[in-house]
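J.: Before we start, here is the structure in question, set down as structure tokens.
Each value in this text was obtained by applying a stated rule to the coordinates, not by laboratory testing. Predicted model only: the values in this text are computed from it and were never measured. Please note: Cβ atoms are built from the backbone with ideal geometry, for glycine as well, and neighbour counts cover all protein chains shown.
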Amino acid sequence: MNRCRFVPALLVLCLPFVGGCRPRAGQEEPHHVGAKVNIPDFIRNTATYRGKAIMLPLRVDEPIIRGQDHSLKNYAGRDVRFTTVGPNGERLGLSIRIPEGLQVPEVGNSDEVWVTFVCTRGSLQEGNEARAIQTP
């Protein structure tokens, strides 16, 4: 192969590796799933979110002390209290059921998790069922 063809061919073959090895910028939050939620609107008009999948960053609001071999995993099959704060300081408290068999991270009281859930009844305290729980 002559040198005039070899150098451009080598550049074309190596070019994808130069750009492909860089870490992605801005990947701090998980990919958004479900309806975009304006927290004040969600608090006032929860019924309009009935049947929709929602993903929110929430804090565990249960008395779970991880040092005593307890974690959110122990709450599978039960309703769990979570909280978050909206952009204007409004507090959202809600209850979400964690179904049996769902993968749940080892987290405790006040730890932040991303929860994807379905608002089945349009209520903050009843009928919310987790589909995924992950740490940020």
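J.: What distance in nm separates the two pseudo spin-label positions at residue 126 and residue 39, each 7 Å out from Cα along the beta-carbon direction?
T.: The modelled label-to-label distance comes out at 2.6 nm.
J.: Taking the Cβ of residue 91 as the center, what net charge do the other residues with Cβ under 14 Å away carry, scoring Lys and Arg +1 and Asp and Glu -1?
T.: +1
J.: With just the Cα atoms defining each centre, how far is region 76-136 from region 42-70? Give it in Å.
T.: With region 76-136 and region 42-70 each reduced to a Cα centre, they are spaced 2 Å.
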